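Peer 1: For reference, the structure I am asking about is given below.
FYI, it's all coordinate maths here, none of it is from the lab. What you see is a predicted model, and the numbers here were worked out from it, not measured in a lab. Backbone-built Cβ (ideal geometry, glycine too); neighbour counts: all protein chains shown.
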């Protein structure tokens, strides 16, 4: 993940080009979730950390984390042919 032009860019550097995965643009919250995910945390661990860091109830954060992980999976399984 890189930050450029005020945005965070998640780049699939392991791809071979077919299908091509364009960089995924993330906001600050998405970048925090991606960082935790890339460190190997599961949804529960991510939820607990983000809840603690942000002072937000885990029930609120849990849905956002679940949506993020689902969207990331869809991104990785898609591609421009």
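Peer 1: Kindly indicate whether residue 29 is more than 18 Å from residue 74 (Cα to Cα), in a helix (DSSP H, G or I) and under 10 Å from the mean Cα position of the chain (by Cα).
Peer 2: Yes: the conditions hold for residue 29.
Peer 1: Here is a check on your reading of the model: is residue 52 loosely packed, with under 13 Cβ neighbours inside 10 Å and either touching a residue at least 60 places away in the same chain (Cβ under 8 Å) or in contact with a strand residue (DSSP E or B) (Cβ under 8 Å, 6 or more places away or on another chain) (or both)?
Peer 2: So residue 52 fails the test.
Peer 1: Step by step: first the residues of region 35-63, then only those that are outside any helix (DSSP H, G or I) and under 14 Å from the mean Cα position of the chain (by Cα), then the one that is farthest from residue 1 (Cα to Cα). Which residue is that?
Peer 2: Per the stated criteria, the residue is 42.
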